[in-house]
Structures are given as C-alpha cells and as structure tokens.
Amino acid sequence: MSEDTTVETVTAETDQVTDEPQGKPDVDWKGEARKWENRAKADYEAANKWREFELSQKSEYDKLTEKVSEYEAQAAQAQTKLLKYEVATAKGIPNEALDLLTGSSREELESAADKLLSLIADQSKPNAPKPDLNQGKPAIAGSTPADQFAAALANLI
C-alpha cells in the first residue's frame, strides 16, 4: 500500500498591535449617550401613559377586588401583630423582645415565647464567682517554680 503523504505548510502572518481604539473613529460618544438617554426618557413616558390607559380600562369590579385584597392583607398583618401582643403579655415577655417572636398561629407563638423566656432566664442568672483554692495558703518565698509546683502537688495528695 502506497500512501501519499503530503505536508501542508501553514504560513502565519504577524498581527500588528496598534494603540488605536477599536470601533469607528471619530464617534461622538457623548452625543450617542444623550441620544439613548432621550430614547429612554421617551420610553418611560410612554410606559406611564400605557399604565394610565390600562387603569382607565379596568372595570370598577377589578379596582374594588384589588382594594379588597390589599385590605385583607393588612387585616392579616394586624391580626398576627395582635396575636403577638396577646401572647407576649400572657407570657410576660418584654416589649423589646417582641420582634423575636415568630410564628403565625397561637401555638407557634407560644412555643417561641417559651423558648425566648428560657433564654432570658438563662441570661439573667447571676454568675457566681468560682472559689480560689489557693486563697489563705502561705506563699513560699525564695523558692523556684519547680519547688512551688512540688509543694502544691504534695498538698493535693
């Protein structure tokens, strides 16, 4: 089998590096920016006009249902806030800690209040100082630390 192998030669052209900016020369970039800014302002005004048009086309029923849904959301928030206050006053939680109560039902709020009260109780316990076992023992003057350590060890045994 005779195979013809041909070697292809690749010629590389050298790329010339220039310090000129790419793109169109002599472009007024500030003018282009002003043009796009004016277009954006016009689009914003057109969008506002469209919103006003959509609002005028809504029926009275749609407008009222939107208001009712807003009022229902506000009522739900007020109900949750009232429930928080009721649980906090029943459990004796200070006003500063009301934001820490989480939950949407009475049971969730009461369990969160119990946890919060236990944390407050743990923090309010006074920390009793630990006794110093070396208090009242005579200090050994003139001895080395090794002698002091041996004497302390002998006292413990």
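Computed quantities for the displayed model
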{"quantity": "Residue ID - farthest from Asp114 (Cα to Cα), chosen from residues in the stretch 62-88 that are of a type in the set (Val, Ile, Thr) and surrounded by 11 or more Cβ atoms within 10 Å (Cβ to Cβ)", "calculated": "Thr65"}
{"quantity": "Output for the stretch 89-101, where each listed residue is surrounded by 12 or more Cβ atoms within 10 Å (Cβ to Cβ) and outside any helix (DSSP H, G or I)", "calculated": "Ile93, Leu101"}
{"quantity": "Top-ranked residue of the stretch 107-125 - restricted to ones that are in a helix (DSSP H, G or I) and more than 27 Å from the chain's Cα centre (by Cα), ranked as modelled with the highest pLDDT", "calculated": "Glu107"}
{"quantity": "Single residue of the stretch 103-136 satisfying the filter (charged (D, E, K, R) and closer than 28 Å to Thr89 by Cα) that is surrounded by the most Cβ atoms within 10 Å (Cβ to Cβ)", "calculated": "Glu110"}
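The values are calculated or read from the model by the stated rules, or taken from the named source; none is laboratory data. Since we're looking at a predicted model, the values are computed, not measured. As a convention, Cβ positions derive from the backbone with ideal geometry for all residues, glycine included, and neighbour counts pool all protein chains shown.
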